[in-house]
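*Asks:* Structure provided below as structure tokens; questions to follow.
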Amino acid sequence: MSRFHCVALACLAITLAPHPISAQAAATAPVPPLPTTARKPTTDTYHGVAVTEDYRWLENWGDPAVHAWSDSQNAHTRAFLDALPAAPPS
């Protein structure tokens, strides 16, 4: 096995190994589950081809539902980050 292959294999092993901080954070503090994201299909036709987008509604920042979705995503992220040992409390 060449030196390059040994280094590549070592990098892959490090990348795929469980991250100790994430495992520790998950064991010490409960993080709320990921919020669900509703699919609201919107179909447009471009040059005779129909294209359906399920999440275009998230582009409308004037919609209160988009604000609620963003707030729930931020709450989930904040709970995870606050559980990390190196993260300062907010």
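*Asks:* Can you name the number of the only condition in (1) among the β-branched types (Val, Ile, Thr); (2) loosely packed, with under 12 Cβ neighbours inside 10 Å; (3) part of a helix (DSSP H, G or I) that Val66 fails?
*Replies:* Every condition holds for Val66 apart from (2).
*Asks:* Turning to a different aspect of this structure: Name every residue in region 69-85 that is in contact (Cβ under 8 Å) with a residue 12 or more places away in the chain and either among the hydroxyl-bearing types (Ser, Thr, Tyr) or surrounded by 10 or more Cβ atoms within 10 Å (Cβ to Cβ) (or both), in order of residue number.
*Replies:* Across region 69-85, the qualifying residues are Trp69, Ser72, Gln73, Ala75, His76, Arg78, Ala79, Phe80, Asp82, Ala83, Leu84.
*Asks:* What are the residue pairs meeting all of these: first residue in region 33-61, first residue more than 27 Å from Gln73 (Cα to Cα), second residue assigned to a helix (DSSP H, G or I) and of a type outside the set (S, T, N, Q), Cβ atoms under 8 Å, and 6 or more apart or on different chains?
*Replies:* Hits for this filter: zero, empty list.
*Asks:* Could you say whether any residue in region 37-57 is modelled with pLDDT of 85 or more and in a helix (DSSP H, G or I)?
*Replies:* Yes, some residue in region 37-57 is modelled with pLDDT of 85 or more and in a helix (DSSP H, G or I).
The values are calculated or read from the model by the stated rules, or taken from the named source; none is laboratory data. Note that the coordinates shown come from a computational prediction; the quantities given were computed from them, not determined experimentally. When we count neighbours, we look across all protein chains shown, and the Cβ atoms used for this are built from the backbone with ideal geometry, even at glycine.
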